[in-house]
Structures are given as C-alpha cells and as structure tokens.
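In what follows, a structure is listed as structure tokens, so that the remarks can point back to it.
The values are calculated or read from the model by the stated rules, or taken from the named source; none is laboratory data. Everything numeric here is computed off the predicted structure, so don't read it as measured data. In this analysis, Cβ positions are derived from the backbone assuming ideal geometry, glycine residues included, and neighbour counts consider all displayed protein chains. Note: accessible area is taken over every heavy atom of the protein model, side chains too, but ligands, DNA and RNA are not part of it. Shrake-Rupley method; radii C 1.70, N 1.55, O 1.52, S 1.80 Å.
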Amino acid sequence: AAGLWTVFTLGGVGSKASSQLEQCSPLASQSLLLLLIFLYFFISDNTAFSSSNPHAFQINFNSLYTALCEQQKSDQATLLLYMLLHQNSNVRTYVLARTDIENLV
C-alpha cells in the first residue's frame, strides 16, 4: 500500500525536482501514472479484464504517438511506450509503420 501511495503522491512533495510534465500539467502526470498502474495490473493478472469483447474501447494511435513524442523526457511516458510496444502488437505495428519514427527516438 505504501508503494502505491508513493506513486499517487509522486514521491511526496519536495522529495525531488518535478519533471516538466508535472509542472505544466499535474492532471496529465497523475493520469499517466494511473494508466501505468492499470497496464501493470492487466499484465500481472489477465483474468481481471476477461470479457467476451476484449476491444471494449478505441484509441486514436496518432494522438497517442504525438503525445508520447512530446513527452519522451518523462520517465513515465517512456515506461508507457515500452509497455505498449512490448505488450500490444497493434501499437507496435502502428509505430513501425510511421515514417517519422525519428521523432520518437
């Protein structure tokens, strides 16, 4: 529980310098951390989201790609990209098909 609380509080106030994402948009930073928790939970326990329709929502890969390119200075965004590339073949295929992959690298 303490580790999860540390994630939600971003390590506590004043414990270390804030990243650029945290300074410009704390809601985006918190949302990214929550998304990482959900991804980790889904990878750890595949029975948690078992349903008859595994594709319950749609995501715009172009918007996701653009946001990840803009936030690659953030450790959280880099971890999200890593998890998506390794766990989701649709994201991996989309990223590899892009002609401007140097923006991400």
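Just a few scattered comments:
- The residues of region 92-105 that are modelled with pLDDT of 90 or more and in contact with a helix residue (DSSP H, G or I) (Cβ under 8 Å, 6 or more places away or on another chain), listed by number, are Arg92, Tyr94, Val95, Arg98.
- For region 24-36, filtering for residues that are in a helix (DSSP H, G or I) and either surrounded by 13 or more Cβ atoms within 10 Å (Cβ to Cβ) or in contact (Cβ under 8 Å) with a residue 40 or more places away in the chain (or both) leaves 7.
- Region 71-97 residues that are more than 20 Å from Phe41 (Cα to Cα), paired with ones that are aromatic (Phe, Trp, Tyr) and in a helix (DSSP H, G or I) (beta carbon under 6 Å, 6 or more apart): Tyr94/Phe61
- Candidate set from region 74-84 (those that are touching a helix residue (DSSP H, G or I) at 6+ places or on another chain (Cβ under 7 Å) and farther than 17 Å from Asn60 by Cβ); member that is most open to solvent (accessible area, probe 1.4 Å): Leu79
- Matching residues in region 74-101 - criterion: being closer than 25 Å to Gln30 by Cα and not in a helix (DSSP H, G or I): Ser74, Asn88
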